[in-house]
Each structure stands twice: as structure tokens, then as C-alpha cells.
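Read through the structure below, which is laid out as C-alpha cells, and then see the notes.
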Amino acid sequence: MRDEAALLAGSELLRGIDGPILDRLTELGRSASAPSGSALFRLGEAAENVYVVLRGRVALTLPIEIRAVQQDVTVDEKGPGDVLGWSALVPPHRATLSARAIIDSELFLFPAAAMARAMRDEPAAGLQVMSNLASVVGRRMHLVQAMWLRELQRLVATRYA
Amino acid sequence: MLATVAVIGLVVFVAVVGLALGLGPPDELPAEPRPRPVERPPSAFFVAEKKTEVQMEILLARLEQHVRQERAAVEMFHDDPSAASLRGQTSSPLAN
């Protein structure tokens, strides 16, 4: 339990928050087991929960069509302390990836609506959480942008060499 | 005496030949008919399907390896953004 509290306090979502406000936020959520292969959420679904990985590993996947067959390709993996499902806190509150446990995992699940209310009540903590999320989202954007540019560079090399 | 031995010998001979030809005692249940072999479609059909499945798995694994390598490459760019770090090479066969 103490390990769980320490892991949440140092997680991508809650780092920088401590004391009674951290307790209040963690009291909003609960831990949940995700057996290997289980789906946490699917692309396009309403996003209602934000998750912090406590134990195990989660794959984030996107569908790709290969020879007219749709397959899920892992585009990112998350481990202990990482946050996922942050679309629940950001309009339009729809999952933009699918998430699946790669091995038996345990996650801490925050209902986004309750979290948003708590952040309105505690603006300093809310600012910290949203700042943490901005770092996560910004990093994702930078990485995807760079990957996209590398693919574009290859396209240029192929078509206009 | 000789006739008795000849008769016994004949009986034994007939019994041995009968067993050799598969004739059982009259009260033995008839053997169940052997199941007829199930007709299967040409095996090439299954071979082709399995091959496609394996190829798909290999292709998916290759794609995911490519994504991992690309991600590692752009993380270097994220930590130290520059035109050179953006163009860092990987060993992915899908990129070369």
C-alpha cells in the first residue's frame, strides 16, 4: 500500500503534488487488475478514466490494414509510473488509441469526472496535474512529429531522388 | 495308432490354418467396420493459409520492431533536437 502511494506520488500524473491534496486525489481512485491480454479501452470509445500503471506493462495500439486485414500494431508501451488514458481529461473525451495489458498488470484508475471536480476545488493541484499532462502530451507530440518527418524524408528520397 | 496320430495332426493343421486366415470361433463378435478415411480438401489449401498467417505474424513483428527503433531514434532527437539527430539511422529493414 505504501509502495502504491509512493508510486502514485512519483507518477507522471501526480508528481509535484503531496500532502492532503495528494491523499484527496488518490482517494478518488482505486486499483484494478488487468490480466495479460485484457483490453483497458478501445480506439473511439468514450474515455472516462485516467490510468497510472502500478505494475506490469500495457501496449498502446493503433489499427493498420495489411492485405485487407486489420491488425493492431503496438505504437507505444507503458510501465510502472506512466499515465495513460489522459484523453478522459481532454475534450472530446474519446480514446485515440487502444490499450491492452501485455502481461498481468495492475493499474490505478481515476474517474475523470471526479478528478476534474477535485481539480476545480483545488486549483493549485489542478494546475500541477494539467502541467504534468501537458509534459506527457507534449512529449508524445514531439516524438510523433519527428517520426512523421522521418517517414516524410524517406518518401522524398524514394519519389524525388 | 498311426491313424490316430494322423487324425490329430490333421485337426491341428486345420486349426492353425484357420487361425492364420483370420477365422475366429463362431461366437466371436464381428469386428467393427474400420472407419472410412475422412475426405479432406487438398492439403495445399491449408498450407497456403498457414503460410499467410505466419507471414502476417512476421510482418507485424517487423512493423513493431520498426516502430520501436524509430521511437528510440526520435527520443534522441527529443533530448537533443537538431537536424542531425532527426536523421539518425536505424537498422530497421523497413527504413533502409
| said: Quick check: the angle from helix A:123-159's long axis to the longest principal axis of chain A, C-alpha only, nearest 10 degrees? | reply: 10 degrees
| chain A, relative contact order in percent, only Cα pairs under 8 angstrom and at least six apart counted | 30 percent
| Can you give the charge dipole size of chain A about its Cα centre, rounded to the nearest 20 debye, using +1 on the beta carbon of Lys and Arg and -1 on the beta carbon of Asp and Glu? | 580 debye
| field | Reciprocal of mean inverse Cα separation for segment A:16-161 (Kirkwood radius, Å) | value | 16.8 Å
| task | Whenever you get a sec, compute what percent of the accessible area on segment A:50-141 sits on carbon and sulfur atoms (1.4 Å probe). | result | 56 percent
| note | Averaged over the residues of A:37-46, the number of partner chain Cβ atoms within 10 Å of each residue's own Cβ comes to 0
| query | To the nearest 10 degrees, how steep is helix A:112-121 against the longest Cα principal axis of chain A, on a 0 to 90 scale? | reply | 50 degrees
| request: Within 10 Å of each Cβ in peptide A:141-151, how many partner chain Cβ atoms are there on average? Round it to a whole number, please. | output: 5
| message | Starting from 0.36 nm per residue, how many nanometres of slack lie between A:LEU155 and A:ARG24 once their C-alpha separation is accounted for? | response | 42.1 nm
| task | Kindly state, to the nearest 0.05, the FRET efficiency for B:ALA72 paired with A:GLU65, given R0 = 25 Å and r defined as their beta-carbon distance. | result | 0.45
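The values are calculated or read from the model by the stated rules, or taken from the named source; none is laboratory data. Remember, it's a predicted structure, so these values are computed and weren't measured experimentally. A quick note on method: Cβ atoms are made from the backbone with ideal geometry, for glycine too, and the neighbour counts reach across all protein chains shown. The accessibility values were calculated without ligands, DNA or RNA, using every heavy atom of the protein model including side chains. Shrake-Rupley method; radii C 1.70, N 1.55, O 1.52, S 1.80 Å.
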